[in-house]
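Peer 1: Before anything else, here's the structure in question.
Coordinate-derived values only; no laboratory data. On a predicted model such as this, the values are computed, not experimentally measured, just so you know. A quick note on method: Cβ atoms are made from the backbone with ideal geometry, for glycine too, and the neighbour counts reach across all protein chains shown.
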Amino acid sequence: MFTLTTLLRPHILSITPYSSARDEYTGKEGVFLDANENPLGSATPQGDYNRYPDPHQWAIKQKLAPIKGVRPNQIFLGNGSDEPIDLLVRATCTPGTDSILIMPPTYGMYEVSANINDVEIIKVPLTPDFQVDVDAVLASISETTKLIWLCSPNNPSGNLLKESAIRTILEAANHSLVIVDEAYIDFADSRSWTSELDNYPNLVVLQTFSKAWGLAALRLGMCFASDELIGILNKIKPPYNISAPTQALALEALNQEAKKSEMVTALLTERQVLTENLRSLSSVQHIYPSDANFLLVRFDDAKATFEHLIDQQVIVRDRSKVKLCDGCLRISVGLPGENERLLAVLHTFASVPQPANLPLGTGEVATKPEFVSNS
Ligand SMILES: *Cc1c(COP(=O)(O)O)cnc(C)c1O
């Protein structure tokens, strides 16, 4: 049976959190002389930012809860997803004793956060088709494995992880929190794991305003979990972790859900167009199926392709040194014109014979068919 009290670091349970002025008096009217704010206003040309923001972001949580099908008390908002990622490690892992488990190739912050906190990392690679190796995961965990990180759709591979694998881990790993990072869920044809929160007390779901909502600059990440765990994260977070402008703009965005959906639809159309056009390039070996707003693409010569793109000021992510991603570049879906530019630059590169592709010993220039199958 999963119990939060044995999962948490012992001192976290008994800690007394900072009690802010806004925690101690929650009324909206009155003469506020309790927080050492500047009553005159702000040193900005416009707008008043002189008052501390709501430490618990209730307006956003009230609006977000029905959209996500959860209760406001099951939501934690962080300064990007980075903040809940770090808080989860700090709440559960005693350095030198506990560990986390990750499944490379995956998002880098799980590992970085564990390293910053001096926490051991168990790595169980995904299978070559980027799915969970369930038996290996279950064989690698113990009672001191506090966090199991899953990323679905996964970055950098782009695919959803199989539901049955996640369910098996949730049920078997009952000494660990199982975190499903759904940063790209809006681009996937799949429902969120948030609908399972009441069935699994060890389930944590991460989402973000940075991708589909188009608000990466605001730094606003969402963490969904049991009321109990959310209460712990609230206890250990910096008191005013989400700024007032971020809260105000996020509220406006939540009133424009249709705009988010339109952008997602447009990006999915572009993803399809980009996939088909990449397929016709001779230098492209394989395009992995994507449930996200990016493509993982294997090239004949990823490094040279990457450098050629950089020379032409088209910047993609070189993942060619990453385990299971050898030869691969990760390409975000851009605007139609940006994708055309990418393809045009790739075409000029593909038409120049590459030294690496010369057949050994013949001195002849290698030629490639114009269309190749990428399956
Ligand atoms: C982009 C991304 C995030 C978002 O991080 P923020 O800090 O919220 O911007 C989280 N997880 C994964 C896997 C991502 O690719």
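Peer 1: Starting from 0.36 nm per residue, how many nanometres of slack lie between ASN277 and THR5 once their C-alpha separation is accounted for? Please report the intermediate quantities before stating the final value.
Peer 2: Working: separation 272, 0.36 × 272 = 97.92 nm, distance 5.30 nm.
In short, 92.6 nm is gained.
Peer 1: If you don't mind, there's one more thing I want to ask. Quickly estimate the mean residue ellipticity at 222 nm for the chain, helices only: each DSSP H run with n ≥ 4 gives -39500 (n - 2.57), and the total goes over all residues, rounded to 500.
Peer 2: Numbers: 13 runs with 129 residues, N = 375.
It comes out at -10000 deg cm²/dmol, rounded to the nearest 500.
Peer 1: Continuing with this model, one more query. How tilted is helix 336-350 with respect to the longest principal axis of the chain? Cα atoms for both, answer in degrees (0 to 90, nearest 10).
Peer 2: Between the helix axis and the principal axis of the chain, the angle is about 40 degrees.
Peer 1: Please find the FRET efficiency linking ALA139 to TYR240, where r is the Cβ-Cβ separation and R0 is fixed at 35 Å, and quote it to the nearest 0.05.
Peer 2: Efficiency for this residue pair is about 0.20.
Peer 1: R0 = 30 Å: FRET efficiency of LEU249 with ARG341, Cβ-based, nearest 0.05? The partial results should precede the final answer.
Peer 2: On the way: r = 30 Å, r/R0 = 1.00.
The pair LEU249/ARG341 has a calculated efficiency of 0.50.
Peer 1: Extending each Cα 7 Å along its Cβ direction at ASN115 and GLU196, get the distance between those two points in nm, one decimal.
Peer 2: 3.0 nm
Peer 1: Once the Cα atoms of helix 82-92 and of the chain are each reduced to a long axis, what angle between those two axes, in degrees from 0 to 90 to the nearest 10, is obtained?
Peer 2: The two axes meet at around 60 degrees.
Peer 1: Based on a Kirkwood Rh over C-alpha pairs, give the Stokes-Einstein translational diffusion coefficient of segment 8-146 at 10 °C and viscosity 1.306 mPa s in µm²/s.
Peer 2: Values: Rh = 19.0 Å.
Answer, rounded: 84 µm²/s.
Peer 1: Express in nm, to one decimal, how much length is gained between THR265 and ASN73 on full extension, taking 0.36 nm for each residue of separation and deducting their alpha carbon distance.
Peer 2: On the way: separation 192, 0.36 × 192 = 69.12 nm, distance 3.08 nm.
Taking THR265 through ASN73 to full extension adds about 66.0 nm, to one decimal.
Peer 1: Quickly work out the ALA217-to-LYS63 label distance, labels modelled 7 Å from Cα along the C-beta direction, and quote it in nm with one decimal.
Peer 2: 1.9 nm
Peer 1: Now for a separate question. Report, please, the projected area of segment 4-255 averaged over directions, based on the convex hull of its C-alpha atoms, in nm².
Peer 2: Details: hull surface 58.5 nm².
The orientation-averaged projected area of the Cα hull of segment 4-255 comes to 14.6 nm².
Peer 1: Helix 163-172 versus the longest principal axis of the chain: what is the Cα-based angle in degrees, 0 to 90, to the nearest 10?
Peer 2: Rounded to the nearest ten degrees, it is 50.
Peer 1: Within 10 Å, count the other beta carbons around each residue, average over each peptide in 89-99, 15-25, 122-132, 29-39, and list them highest first.
Peer 2: On the way: 89-99: 17.8, 15-25: 12.1, 122-132: 15.9, 29-39: 9.9.
Final packing ranking: 89-99, 122-132, 15-25, 29-39.
Peer 1: Let me ask something additional. Assuming R0 = 41 Å, what is the FRET efficiency of ILE310 and SER14, from their Cβ-Cβ distance, to the nearest 0.05?
Peer 2: Numbers: r = 52 Å, r/R0 = 1.28.
The calculated FRET efficiency here is 0.20.
Peer 1: Here is a further query. Taking the alpha-carbon set of segment 258-350, what are its Rg and Dmax in Å?
Peer 2: For segment 258-350, the Cα radius of gyration and maximum Cα-Cα distance read 12.9, 41 Å.
Peer 1: Return, in residue-number order, each cysteine of the chain whose C-beta is not under 4.7 Å from any other cysteine's C-beta.
Peer 2: CYS93, CYS151, CYS223
Peer 1: Can you give the relative contact order of segment 258-350 as a percent, counting alpha carbon pairs under 8 Å and 6+ residues apart? Please report the intermediate quantities before stating the final value.
Peer 2: Values: 125 pairs, mean separation 25.9, N = 93.
Dividing the mean separation by the residue count of segment 258-350 yields 28 percent.
Peer 1: Too long at a 30 Å Cα-Cα cut-off: which of LYS146/LYS323; LYS28/LYS211; LYS68/LYS321; LYS162/LYS211; LYS123/LYS260; LYS28/LYS259?
Peer 2: Numbers: LYS146/LYS323 24 Å; LYS28/LYS211 33 Å; LYS68/LYS321 37 Å; LYS162/LYS211 22 Å; LYS123/LYS260 35 Å; LYS28/LYS259 32 Å.
Too far apart for the 30 Å limit: LYS28/LYS211; LYS68/LYS321; LYS123/LYS260; LYS28/LYS259.
Peer 1: State, to one decimal in nm, how far the label point of SER164 lies from the label point of ALA21, with both points 7 Å from Cα in the Cβ direction.
Peer 2: 5.8 nm
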